[in-house]
1. So Val99 ticks every box in (1) of a type in the set (Val, Ile, Thr); (2) open to solvent by 70 Å² or more (accessible area, probe 1.4 Å); (3) modelled with pLDDT of 90 or more but one. Which box is left unticked?
2. Which residue, of Asp112, Asp108, Asp159, is outside any strand (DSSP E or B), acidic (Asp, Glu), open to solvent by 30 Å² or more (accessible area, probe 1.4 Å) and touching a Lys or Arg at 6+ places or on another chain (Cβ under 9 Å)?
3. Of the residues Ala160, Ala119, only one is small (Gly, Ala, Ser), under 23 Å from Ala33 (Cβ atoms) and touching a residue at least 24 places away in the same chain (Cβ under 8 Å); which?
4. Output the number of the condition that Leu118 fails; it satisfies all remaining conditions of (1) in contact with a strand residue (DSSP E or B) (Cβ under 6 Å, 6 or more places away or on another chain); (2) over 21 Å from Ser153 (Cβ atoms).
5. From the set of residues in segment 11-27 that are surrounded by fewer than 13 Cβ atoms within 10 Å (Cβ to Cβ) and part of a loop (DSSP other than H, G, I, E, B), which is farthest from the chain's Cα centre (by Cα)?
6. Kindly evaluate Gly134 against the criterion of being in contact with a helix residue (DSSP H, G or I) (Cβ under 6 Å, 6 or more places away or on another chain) and crowded, with 18+ Cβ neighbours inside 10 Å.
7. Assuming Ser153 fulfils every condition listed in (1) among the hydroxyl-bearing types (Ser, Thr, Tyr); (2) out of contact with any helix residue (DSSP H, G or I) (no Cβ under 9 Å at 6 or more places or on another chain); (3) surrounded by 12 or more Cβ atoms within 10 Å (Cβ to Cβ) apart from one, which condition is it?
Amino acid sequence: METIPLSRGDLRWVFPEVPEPEAVRGALAEADARVRDLARHLGAREGGTGDGLVFRRTEGVVAAGLFAATEAEGVGFTADLCFPRRCLWDLTWGPPWEVEAEIMVLCDQVPDCGGHTLAARAETFTTPLEAARGLAEATAWLLEHGRAASPASWRSRDDARCQEVGP
C-alpha cells in the first residue's frame, strides 16, 4: 500500500466527482492541521506517526482513502475516510463515504491480543464536502480527547487491559 501526503495527492482518488474542490481541500486541511497538532501535543517524532493526513492507495487500484495516525506510549489515535467495500474486489466508489476515528491502546498483557479500542466514532456521508467536514470533526474529536488525558491515563483504564488473563 502506498501512502501519499495530502499535499501531493489527488482528491479524485477518493471523490471521483468533486463539485466544490476548494471547500473540500479546506476541510481536509483543517483535519490535517488537527492531526499534526495532536502529534505535537503527544510528542510524536517527525517522519513517523503524526505527519498528517495521507492518501492510502493500493497498487493497481485507482481509488484511495485518507488516513491519519499518531501514537504515543502505546496509545494510538487514528482517523480514516473511505468508501465502504463489500469485499476486496468491490471497486465501487462513494457515495457513501465513511469516516471513522478511534483511540486504541496496545495490549501488553496477551501477546496475540493486539489492542483494545477505548473510544470510537463513525459516521456515513453522501457528499464529498460532508465527508471532508466529517473528517475534520473526527480529528477535532481526537485532538480534544488527546489533550484531555495523558497517554498514561488512557493506558491505566480498566478497558485498556484484557479482562481474562490466564496463568
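The values are calculated or read from the model by the stated rules, or taken from the named source; none is laboratory data. Quick caveat, the model's predicted, so the values are computed rather than measured. Ideal geometry is used to build each Cβ from the backbone, glycine not excepted, and the neighbour counts take in all protein chains shown. All accessible areas refer to the heavy atoms of the entire protein, side chains included, with ligands and DNA or RNA removed. Shrake-Rupley method; radii C 1.70, N 1.55, O 1.52, S 1.80 Å.
1. The number of the failed condition is (2).
2. Unique residue meeting the criteria: Asp108.
3. The match here is Ala119.
4. (2)
5. From segment 11-27, those surrounded by fewer than 13 Cβ atoms within 10 Å (Cβ to Cβ) are 17, 19, 22; that's our starting set.
Narrowing the set further to residues that are part of a loop (DSSP other than H, G, I, E, B) leaves 17, 19.
Working: Glu17: 22, Pro19: 24 Å.
For segment 11-27, the residue satisfying everything is Pro19.
6. no
7. So Ser153 meets the others, but not (3).
Conditions tested, residue by residue: (1) at pLDDT 85 or above; (2) open to solvent by less than 60 Å² (accessible area, probe 1.4 Å).
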| site | (1), (2) |
| --- | --- |
| Leu42 | yes, yes |
| Glu59 | no, no |
| Thr117 | yes, no |
| Phe125 | yes, yes |
